[in-house]
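**Q** Got a structure for you, questions after.
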């Protein structure tokens, strides 16, 4: 599995599994299947209500804990310093796998960003979290860190795909040593029938989803596609045996149309 080294020296797989919308025994089965196939990054969140299932799947997988990278996130309703500390304690207990590899602020708070990040730094400095980061932070909110942060976020997880090619944000994060990570990298299927994408997939003998994921990785962005279907899990992982030609990369860059599945983070400024 292709790895990236975060700005604090820890390694993270570039491709992982997002698990929103998976619950209970079904979630455990899907995650265990993914781990068996070769996934080593599992991305959950308190608001997904499946942290316990993630922890159970990891414990039952038979794979050493150190080989699996577990991400979770602060629930939006936990605002402020003390609430963020409490949110972490609750997530850690639910996952019950010893430690959390990456802890993220799920959405930017309109009024408590500084104290929430200070809580994240405290947890990191105490050695209770290996890496800390954010989700859905546009450039203006990332620039704020220069005013109050002692630790630069290791990861910024955002909506990102060929149809939402946030090039300025990517370049900014690269310049600051922040790893950009893509959620909804396959546009939740909304553009998989694009004839231009299908033509590129035929050219490489791959599927449209594989072309999109490969494009993302070519740009140095991590991706966490979601699926509980074993065939699609295998398909999403089978993207390391080819490279996109420069002209095809440029063509996919041109697919950008500002497509968002979720809310625009700029609304939180």
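**Q** Of everything in segment 21-42, what is in contact with a helix residue (DSSP H, G or I) (Cβ under 9 Å, 6 or more places away or on another chain), crowded, with 21+ Cβ neighbours inside 10 Å and outside any helix (DSSP H, G or I)? Give them in sequence order.
**A** Passing the criteria: 22, 39, 42.
**Q** Out of 146, 157, report the one residue that is without any contact (Cβ under 8 Å) to a residue 60 or more places away in the chain, on the phi < 0 side of the Ramachandran plot and either crowded, with 20+ Cβ neighbours inside 10 Å or part of a helix (DSSP H, G or I) (or both). Before you say what the answer is, go through the steps one by one.
**A** Numbers: 157 fails: without any contact (Cβ under 8 Å) to a residue 60 or more places away in the chain.
Every option except 146 fails the conditions.
**Q** Here's a follow-up. Which ones in segment 234-269 are in a loop (DSSP other than H, G, I, E, B), surrounded by 15 or more Cβ atoms within 10 Å (Cβ to Cβ) and without any contact (Cβ under 8 Å) to a residue 40 or more places away in the chain?
**A** Selection gives 238 alone.
**Q** Which of the residues that make up segment 87-104 are in contact with a helix residue (DSSP H, G or I) (Cβ under 6 Å, 6 or more places away or on another chain) and over 17 Å from residue 64 (Cα atoms)?
**A** Passing the criteria: 88, 91, 94.
**Q** Would you please name the residue that is surrounded by the most Cβ atoms within 10 Å (Cβ to Cβ), looking only at residues in segment 211-233 that are free of Cβ contacts under 8 Å to residues at least 40 places away in the same chain and under 22 Å from residue 255 (Cα atoms)?
**A** Across segment 211-233, the extreme among qualifying residues is 214.
**Q** Look through segment 177-188, keep the residues that are in contact (Cβ under 8 Å) with a residue 60 or more places away in the chain, within 16 Å of residue 20 (Cβ to Cβ) and not in a strand (DSSP E or B), and return whichever of them is nearest to the chain's Cα centre (by Cα).
**A** 184
**Q** Restricting attention to segment 73-97, and to residues there that are surrounded by 20 or more Cβ atoms within 10 Å (Cβ to Cβ) and touching a strand residue (DSSP E or B) at 6+ places or on another chain (Cβ under 9 Å), which single residue is nearest to residue 183 (Cα to Cα)?
**A** Looking at residues that are surrounded by 20 or more Cβ atoms within 10 Å (Cβ to Cβ) and touching a strand residue (DSSP E or B) at 6+ places or on another chain (Cβ under 9 Å), I get 73.
**Q** Report whether or not residue 34 is out of contact with any strand residue (DSSP E or B) (no Cβ under 8 Å at 6 or more places or on another chain) and either under 18 Å from residue 131 (Cα atoms) or modelled with pLDDT of 95 or more (or both). Break it down into steps so the answer makes sense when it comes.
**A** Working: out of contact with any strand residue (DSSP E or B) (no Cβ under 8 Å at 6 or more places or on another chain): no; either under 18 Å from residue 131 (Cα atoms) or modelled with pLDDT of 95 or more (or both): yes.
For residue 34, the condition - out of contact with any strand residue (DSSP E or B) (no Cβ under 8 Å at 6 or more places or on another chain) and either under 18 Å from residue 131 (Cα atoms) or modelled with pLDDT of 95 or more (or both) - is not met.
**Q** Among 38, 24, which is within 30 Å of residue 239 (Cα to Cα) and in contact (Cβ under 8 Å) with a residue 40 or more places away in the chain?
**A** One residue alone meets the criteria, 38.
**Q** Restricting the search to segment 194-209, which residues are in contact with a helix residue (DSSP H, G or I) (Cβ under 6 Å, 6 or more places away or on another chain) and in contact (Cβ under 8 Å) with a residue 40 or more places away in the chain?
**A** Correct list: 197, 200.
**Q** Return the total of residues in segment 161-176 being surrounded by fewer than 23 Cβ atoms within 10 Å (Cβ to Cβ) and either assigned to a loop (DSSP other than H, G, I, E, B) or modelled with pLDDT under 95 (or both).
**A** Qualifying residue count, segment 161-176: 3.
**Q** Run residue 222 past the list (1) touching a strand residue (DSSP E or B) at 6+ places or on another chain (Cβ under 9 Å); (2) within 18 Å of residue 190 (Cα to Cα) and report the number of the one that doesn't hold.
**A** Against the list (1) touching a strand residue (DSSP E or B) at 6+ places or on another chain (Cβ under 9 Å); (2) within 18 Å of residue 190 (Cα to Cα), residue 222 comes up short only on (2).
**Q** Tell me, which residue of segment 8-20 that is within 16 Å of the chain's Cα centre (by Cα) and assigned to a loop (DSSP other than H, G, I, E, B) is nearest to residue 78 (Cα to Cα)?
**A** Ranking the candidates gives 20 first.
**Q** Separate question: From the list 214, 191, 231, pick out the single residue that is farther than 24 Å from residue 102 by Cα and outside any loop (DSSP other than H, G, I, E, B).
**A** Among 214, 191, 231, only 231 is farther than 24 Å from residue 102 by Cα and outside any loop (DSSP other than H, G, I, E, B).
**Q** Of the residues that sit in segment 180-193 and are touching a helix residue (DSSP H, G or I) at 6+ places or on another chain (Cβ under 7 Å) and over 13 Å from residue 235 (Cα atoms), which one is surrounded by the most Cβ atoms within 10 Å (Cβ to Cβ)?
**A** 185
The values are calculated or read from the model by the stated rules, or taken from the named source; none is laboratory data. All of these numbers come straight from a predicted model, not from anything done at the bench. Methodologically, a virtual Cβ is constructed for each residue, glycine included, from the backbone with ideal geometry; neighbour enumeration extends over all protein chains shown.
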